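The values are calculated or read from the model by the stated rules, or taken from the named source; none is laboratory data. Worth saying up front: this structure is predicted, and the values here are computed from it rather than measured. Neighbour counts run over all protein chains shown; Cβ positions are idealised from the backbone, glycine included.
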Amino acid sequence: MTPAEYDAWYDTPRGRWIGETEFRLLQRRLALQPGETLLDVGCGTGWFTRKFAAGNGWNVTGLDNDPARLAYARALRFADAGIDRVVSVAALCFIDDWRQALSEMARVARRRMVVGLLNRHSLLWREKGRGGGTGAYQGAHWHGAGEIHAAMAALPLANIQISTALFLPGASPLARAVERALPNSLPWGGFLVAAADKRQ
């Protein structure tokens, strides 16, 4: 899938609903305040980065591993606790050493970090993740709530919260109704969000 095709998927009815559902949960967990800085790690085409930056008074920076962008990013040294809040949306699912990436996110976060991941304990995993994954999910690491909680607990983080969304894969009326009815505290949504405060 090309970057343009990936970004265009969010303009489809299913992509728009999934993206908006994920964005609302991430936004609630980040609890960004006007004037704060946000680093979007693994921003890809910047779909979520643009949404975070749109008219909210936040200073948002996107970082990805594209070779040209990476060369530029290496010239930018993020100081310890140099960014108010750090977010990553499904990027760590495609990084071999995701624990090291999580540690680096915790290092640069001043107040809070939020990570969106693919949930191994979901219907989405059964549909798209088994046997190495299909389509855009091919080669992805699917996380479990306990696994990500333990990894975050080993870092200088506190108040770890686990939430999920997208309980039914798809954007059917039934999927939308289930999403409205079920609380994000249930562990079976396809989109797993782990949030934590930086320990002071």
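Given the structure, is residue 134 hydroxyl-bearing (Ser, Thr, Tyr) and without any contact (Cβ under 8 Å) to a residue 24 or more places away in the chain? Walk me through how you get there before you give the answer.
Working: hydroxyl-bearing (Ser, Thr, Tyr): yes; without any contact (Cβ under 8 Å) to a residue 24 or more places away in the chain: yes.
Judged against the criteria, residue 134 is a match.
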Next item on the list: Please go through the range 1-24 and pick out each residue that is closer than 14 Å to residue 166 by Cβ, acidic (Asp, Glu) and surrounded by fewer than 16 Cβ atoms within 10 Å (Cβ to Cβ).
Entry: 20
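Taking the range 162-177 as the region of interest, how many residues are closer than 17 Å to residue 26 by Cβ and without any contact (Cβ under 8 Å) to a residue 40 or more places away in the chain? If you could, list the steps in order and put the result at the bottom.
First, pick out the residues of the range 162-177 that are closer than 17 Å to residue 26 by Cβ: 162-167.
Next cut, without any contact (Cβ under 8 Å) to a residue 40 or more places away in the chain only: 162.
Summing the residues that are closer than 17 Å to residue 26 by Cβ and without any contact (Cβ under 8 Å) to a residue 40 or more places away in the chain in the range 162-177 gives 1.
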Note to self: For the range 87-200, give me every one of the strands (runs of 3 or more DSSP E) that falls completely inside it and has 1 or more residues that are of a type outside the set (Phe, Trp, Tyr), modelled with pLDDT of 95 or more and closer than 18 Å to residue 14 by Cα.
What the structure shows: 109-118, 157-165
Next item on the list: Could you grab the pairs with beta carbons closer than 8 Å, sequence gap of 6+ or different chains, first residue in the range 20-32 and touching a residue at least 40 places away in the same chain (Cβ under 8 Å), second one among the charged types (D, E, K, R) and part of a helix (DSSP H, G or I)?
Entry: 21/179
Next item on the list: Enumerate the pairs (first residue in the range 91-119 and under 19 Å from residue 136 (Cα atoms); second residue anywhere and of a type in the set (D, E, K, R) and modelled with pLDDT of 95 or more) with beta-carbon separation below 7 Å, excluding pairs fewer than 6 apart on the same chain, so at least 6 apart or on different chains.
Entry: 116/22
